[in-house]
Amino acid sequence: MDKASKWLVITEKPSVAGDLAKALGGFEKKGDYYESPKYFITWAVGHLLELLEPEELDPKYKRWLLQDLPILPSEFQYKPKKGQTERLNHIKSLAKKSEVVGFINACDAGREGELIFREIFDFCGQDKPFKRLWLQSMTPESIRKGFNLVKPGKDYDNLGDAARCRAESDWLIGMNATRAVTKRLKSRNTKGVWSVGRVQTPTLALIAKRELEHLKHRPEPYFTIEGRFSTSSHEYSGVWFDPNFKKPISTDEEDLQHYSEKEDRIFSKERLDQILNDFNLNKGKATASETRKESKEIAPQLFDLTLLQREANRKLGMSASRTLQAAQRLYEKHKLLTYPRTDSRYLPEDYVNNVTDVIKEFSAIPTEFTKACQKILKTGLLNKERIFNDKHVSDHFAIIPTGHFPSEKLDGDDARIYNLVLKRFLAAFMPHAVWAKVERITKVGSQTFRTRVQDLQEPGWREVYGLDTEEESKLPKLNEKNPEAVTPVQTEDITPQTNATKPPARLTEAKLLSLMEHCGRSIADEEIAEVLKDKGIGTPATRADIIENLIAKEYVSRFGKSLRATSKGIRLVDVLSRIPIDTLSKVELTGEIEFDLRKMEKGQKKRSEFMQDMFDFTSSIVDKARTFEYDAIFKNDPPLGSCPVCKKGKVFEGFWGYKCNLAGNSKEKVGDECTFIIWKEKNQRYIDRSLVEEVLSKNIAGPFEFSNSNGTSHFEEYLTISPVKGIIFCEQNGDPKESATGYDVVVLHEEPLPETFLKLPGLVKVTENAYLCEFGVQMPAAETAASEAAETKPKRGRKKAAAEGSTEEKAKKKPAKPKKTKRLISRMPRVLCGREMSLEDYKSFIITGSTPPIADFKSKKGRPFAAALHLKDNGNFEFKFVSRKALLGEETVKTPKNTEKKSANKAKVVKKTKKKDSSSEGESSSV
């Protein structure tokens, strides 16, 4: 290599650039790069470029039209990501230097690292060669060795093709499927985007499947039995179980049916009585035997990102996103952890000395872990074969402490995550924990009871964590001389307990991350299953974002510590399966794409062949989405029951709800059409088929779980049929809790008002929590039509006289059509802003349109204020605020000297205000 020539080394992140410069030596840092006699080293920060949006390729794609789909670019083009133009230009300026003879790709050793570099290389537009540095370890020795073994960049062209194909296929599926599905599913009520993606939609399907299982479950009562027994030295308890129980082997459709069946549950009162009778007849004949076995609990593996996120969610209740953010800060800001976005739980084989040095650093400082560190150094690193393995280290190795100490005290999430990683790191090199596990079987007649306990003999790696007392219990030996002998025991008591089955638990983030990681286990195709076995769907770096995106797009919501699919999310998965383009919601799609990409990396599949396959697949998705008919995709579903309103039709499922087959397509009733419909969402709950079937068949069903609008509080309610609203909340006996207006009603009192402020008759209703007035309930439709015709206003842009003349002419030529009764609902809480409103207050308010000023209202902060209530034309009311002190006669007027001019100015302002709105007594606030 010529002394004047230099190679431009590009790393994926700044920290790696620093590590390379330090290992090679002889570098000087000059702003955003390092320089030595042989190299420039600079860095990216992940992907610096991204694919153009469809509308950036062609303006016609700004309008989402089905006729313009599919979008199949002949060439995919890139643009700088937001905020990265300056960094790209900096790299480009280095690449243009005359002494730079070529590039060295030092981005992460993997597919994404290859793509990051090649995007930058293309952007620089330099006709210079490049080489590939492939590092499996970041020790100084490994770095220097790697630079001596750099290979020509063309050796990695297949890897580069696979990387581009992955990005471009995701773009094709996401852009086309999202636009096609959105155009078909949008309605007046849902104008947002129905986003579809190769990874996010299968992830949504996992959550939706569990949510439906949860919703379909109906509690079933069962019994358990606990027996109390005694020996000459101690008492103990045992739980009855059926030793011959075998859980049925079932299909996926039957899993829910057998979910609650367990060996210690009794679902029949007759069988319970039989067991109790047998127990009582054989009280004096009880015998017991036990086995004691030593069990080793192996030390845990080191963390990869997914495992760390699962552990943080399980132990600390932290979301995957919060965990990643904390780990990233500990890596970048505090320098306390190694790179966190890793999918490896192993370390390079040449990292043994580094680990020992880190543990030595920790052992020298007194902390709660000092003793454990000293023990590890004394025994040496254990479990090496489970930790150091180059075959399981790809782009990055496991997350471990760097050995540095915090320059400032850690707190919050950072402290919690650092503590988790440090404990796991130390535990991995410690001895296995040893348990003594005891199983005691007690027989009373033909009935069997079981007692299980475990006792920690040697804490081993658990010493780092401390003992969870719930995991340990002690049971004295049954027979000291002959531990395995059958021994007579005394029966003390037997207690049957009544329980109810619980639904399958909703997915926590920890469980979802595990399913995403190990989704290949449920796939029948062995080749696809093998591809997904280690990787799953998504990557450790993207899974947290996938979950957060599903929440942001309102497909998923948090429910306590769990995740639940929303009605929108369930409907999307359901309709994709019916069109059918359910390939988009299955993990097999990722497996199939990954299988082809791996073949491409090995040179067994051409890039052009793969992309043609993706063009064909995308076109088929668009065609199916474009041509499906709503009625057709539900036509094979049987009816859910008879219509409870018209008594003639049957109730069938549709996309938005369940409606009578004699109902029309409009919201207005036409002729003899039935209007009965049950919408698929109520109080944040998806209304599934099983619930509708139950309500239609029983008329009263429940209780079912619901929640408030933001999901912060949850409650159970019974449901019954409403001709207007489909289903409504009710008491257990069927008494309604809500009316067709949506307000709480168990009406305590009704009173008609012939005249009201709105010139309409009204019906006042008193409920437990509010006063209601339904205006216009007695007004004939003809009168309403006539009054509306008389009050018709001219359209914008026309002269008033012309408009009035037009209205009169139309009235002469054509009689007014009868219109529906004009109805308005006014509602006022019985306790408003801390002040109890009387019925007389409310009636006067409805009749006169306002209340006198009231002095004892209270704000949210508990501060008193005064205001009058005014009735608005739409039935709502508003506050007209007044001076409370003046109202109470407490206000005194002071006239300071030399303020005549200011007072006069103020008077003018007030006068102008009054002229503008003579009815106003101050600021107003609508409710």
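The values are calculated or read from the model by the stated rules, or taken from the named source; none is laboratory data. All figures in this text were calculated on a predicted structure; none of them were measured in a lab. Here the Cβ positions follow ideal geometry from the backbone for every residue, glycine too, while neighbour counts run over all protein chains shown.
Taking the stated definitions as given, is N189 over 30 Å from T487 (Cβ atoms) and modelled with pLDDT under 95? Spell out how you get there, then give the answer.
On the way: over 30 Å from T487 (Cβ atoms): yes; modelled with pLDDT under 95: yes.
When the stated conditions are applied, N189 passes them.
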### Task
Can you work out which of the residues in the stretch 377-415 that are hydrophobic (A, V, I, L, M, F, W, C) and more than 26 Å from T323 (Cβ to Cβ) is farthest from the chain's Cα centre (by Cα)?
L377
### S619 vs. criteria surrounded by fewer than 16 Cβ atoms within 10 Å (Cβ to Cβ), of a type in the set (G, A, S), in contact (Cβ under 8 Å) with a residue 60 or more places away in the chain and assigned to a helix (DSSP H, G or I)
yes
### Task
Name the single residue, out of those in the stretch 474-499 being part of a strand (DSSP E or B) and among the acidic types (D, E), that is farthest from F559 (Cα to Cα).
E492
### Failed criterion for A436 (all others in (1) part of a helix (DSSP H, G or I); (2) touching a residue at least 12 places away in the same chain (Cβ under 8 Å) hold)
(1)
### Task
For the stretch 24-42, state whether one or more residues are among the aliphatic types (A, V, I, L, M), assigned to a helix (DSSP H, G or I) and surrounded by 15 or more Cβ atoms within 10 Å (Cβ to Cβ).
yes
### Message
If I ask for residues that are part of a loop (DSSP other than H, G, I, E, B) and at pLDDT 90 or above, which ones from the stretch 500-529 would you list?
### Response
T501, K502, P503, P504, A505, R506
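Considering the stretch 367-376 alone, what residues qualify as being touching a helix residue (DSSP H, G or I) at 6+ places or on another chain (Cβ under 7 Å) and touching a residue at least 12 places away in the same chain (Cβ under 8 Å)? Don't jump to the end; show me each part of the working.
The first filter runs over the stretch 367-376 and keeps only residues touching a helix residue (DSSP H, G or I) at 6+ places or on another chain (Cβ under 7 Å), leaving 369-370, 372-374, 376.
The answer is F369, A372, C373, I376.
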### Query
Taking L467, is it of a type outside the set (S, T, Y) and modelled with pLDDT of 90 or more?
no
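Can you tell me which residues in the stretch 584-604 are of a type in the set (S, T, N, Q) and either modelled with pLDDT under 90 or surrounded by 18 or more Cβ atoms within 10 Å (Cβ to Cβ) (or both)? Full working, then the answer.
Taking the stretch 584-604 as the starting set, the residues that turn out to be of a type in the set (S, T, N, Q) are 585, 590, 604.
Across the stretch 584-604, the qualifying residues are S585, T590.
Go through the stretch 377-399 and give me each residue that's without any contact (Cβ under 8 Å) to a residue 60 or more places away in the chain and either at positive phi or in contact with a Ser or Thr (Cβ under 8 Å, 6 or more places away or on another chain) (or both).
Taking the stretch 377-399 as the starting set, the residues that turn out to be without any contact (Cβ under 8 Å) to a residue 60 or more places away in the chain are 377-381, 384-385, 388-389, 391-392.
The answer is L377, G380, L381, H392.
So is E50 assigned to a helix (DSSP H, G or I), within 30 Å of T618 (Cα to Cα), within 32 Å of the chain's Cα centre (by Cα) and at pLDDT 95 or above or not?
Considered against the rule, which asks whether it is assigned to a helix (DSSP H, G or I), within 30 Å of T618 (Cα to Cα), within 32 Å of the chain's Cα centre (by Cα) and at pLDDT 95 or above, E50 comes out as no.
In the stretch 377-412, what residues are hydrophobic (A, V, I, L, M, F, W, C) and outside any strand (DSSP E or B)? Give the derivation first.
To start, the set of residues in the stretch 377-412 that are hydrophobic (A, V, I, L, M, F, W, C) comprises 377, 381-382, 387-388, 393, 397-400, 405, 410.
Listed by number, the residues that qualify are L377, L381, L382, I387, V393, F397, A398, I400, F405, L410.
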#### Entry: Residues of the stretch 577-605 satisfying the condition of being more than 30 Å from K154 (Cα to Cα) and among the hydrophobic types (A, V, I, L, M, F, W, C)
I579, I581, L584, V587
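Within the stretch 345-376, how many residues turn out to be among the β-branched types (V, I, T) and not in a helix (DSSP H, G or I)? Steps first, answer last, please.
Of the residues in the stretch 345-376, the ones among the β-branched types (V, I, T) are 352, 355-356, 358-359, 365, 367, 370, 376.
Checking the rest, the ones that are also not in a helix (DSSP H, G or I) come to 365, 367.
Looking only at that region, the number is 2.
If the requirement is being small (G, A, S) and within 17 Å of F245 (Cβ to Cβ), which of these qualifies: S295, S289, S268?
Values: S295 fails: within 17 Å of F245 (Cβ to Cβ); S289 fails: within 17 Å of F245 (Cβ to Cβ).
Testing whether each residue is small (G, A, S) and within 17 Å of F245 (Cβ to Cβ) leaves just S268.
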### Task
Scan the stretch 369-381 and give yes if some residue there is in contact with a Phe, Trp or Tyr (Cβ under 7 Å, 6 or more places away or on another chain), under 30 Å from E114 (Cβ atoms) and either surrounded by fewer than 19 Cβ atoms within 10 Å (Cβ to Cβ) or basic (K, R) (or both), otherwise no.
no
### Query
Looking at the stretch 1-23, which of its residues are more than 42 Å from the chain's Cα centre (by Cα) and part of a loop (DSSP other than H, G, I, E, B)?
M1, D2, K3, A4, S5
